[in-house]
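S.K.: Let me give you the structure first, and then I'll get to my questions.
The values are calculated or read from the model by the stated rules, or taken from the named source; none is laboratory data. Just so you know, these numbers come straight off a predicted model, no measurement behind them. All Cβ positions, glycine included, derive from the backbone under ideal geometry; neighbour counts span all protein chains shown.
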Amino acid sequence: MTALAEAADPKAIVEQYHRAFYGGEDPSAGNTGSVRPYLADDLSFSGPGGAFSTADAYLRAADHARRAAKGVVTHAVVANGPDVCVFYDLLIDHPVGAVPIAEWYRLDGDKIAAIRSILDTAPLTAGAGTAGEQQGETAIDPVCHMRVPKAAAVATRDHRGTTYYFCSQGCAEAFDVEPQQYLDS
């Protein structure tokens, strides 16, 4: 019996998913030890980095956050029927050190059908308030779809004559491996 099948309630499913996601497992792997079995195929995700309508698209985009995580400090997990909220600090390799996050999960049976992530991304781009930014010189990170001030991009990559801007080194590294995957989505 898999851990997913053993999960008796929505809170347990979300806690197991959360531990697996930030525990360093490869979310795109197809085995039962990965996070993919916790997610409905038509998962709906919305957050500051974008919106996705399939589990696979969400996992591709969220992989940079998973890889950038140095740890997680969970403050509360609250469940009400099929709704589960997780309040936590994501410890990251960035000058801010930690990002407070609130996530709402909606389950349909034993699968996570929707995730809404709420966090303040301003500290991640602090110092970007240049005149250039005020004139609208921003770009969309092709991996996580976050709006990135060009002057404050953590990394850039040139691909086929176009410069792409990234919010994190993790996004840039994901792009390096398979750029077309992100440009086609």
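S.K.: What is the one condition in (1) modelled with pLDDT under 90; (2) more than 22 Å from residue 123 (Cα to Cα) that residue 50 does not satisfy?
M.R.: Only one criterion is unmet by residue 50, namely (2).
S.K.: So, one more: Applying the selection to the range 15-47, what residues are modelled with pLDDT of 85 or more, surrounded by 15 or more Cβ atoms within 10 Å (Cβ to Cβ) and not hydrophobic (A, V, I, L, M, F, W, C)?
M.R.: 15, 16, 17, 18, 22, 36, 37, 38, 44, 46, 47 - these are the residues of the range 15-47 that are modelled with pLDDT of 85 or more, surrounded by 15 or more Cβ atoms within 10 Å (Cβ to Cβ) and not hydrophobic (A, V, I, L, M, F, W, C).
S.K.: Among the numbered criteria (1) out of contact with any Gly (no Cβ under 7 Å at 6 or more places or on another chain); (2) over 21 Å from residue 40 (Cβ atoms); (3) at pLDDT below 90, which one does residue 68 miss?
M.R.: (1)
S.K.: Still on this model: Would the range 79-87 turn up any residue that is closer than 17 Å to residue 111 by Cβ and among the small types (Gly, Ala, Ser)?
M.R.: Looking for residues that are closer than 17 Å to residue 111 by Cβ and among the small types (Gly, Ala, Ser), one finds at least one in the range 79-87, hence yes.
S.K.: How many of the residues in the range 153-185 are farther than 23 Å from residue 51 by Cβ and in contact with an Asp or Glu (Cβ under 9 Å, 6 or more places away or on another chain)?
M.R.: So the answer is 3.
S.K.: So, residue 12, is that one modelled with pLDDT under 90, assigned to a helix (DSSP H, G or I) and more than 13 Å from the chain's Cα centre (by Cα) or not?
M.R.: No.
S.K.: Among the residues of the range 159-173, which ones are modelled with pLDDT of 80 or more and under 28 Å from residue 123 (Cβ atoms)?
M.R.: Within the range 159-173, 163, 164, 165, 166, 167, 171, 172, 173 qualify.
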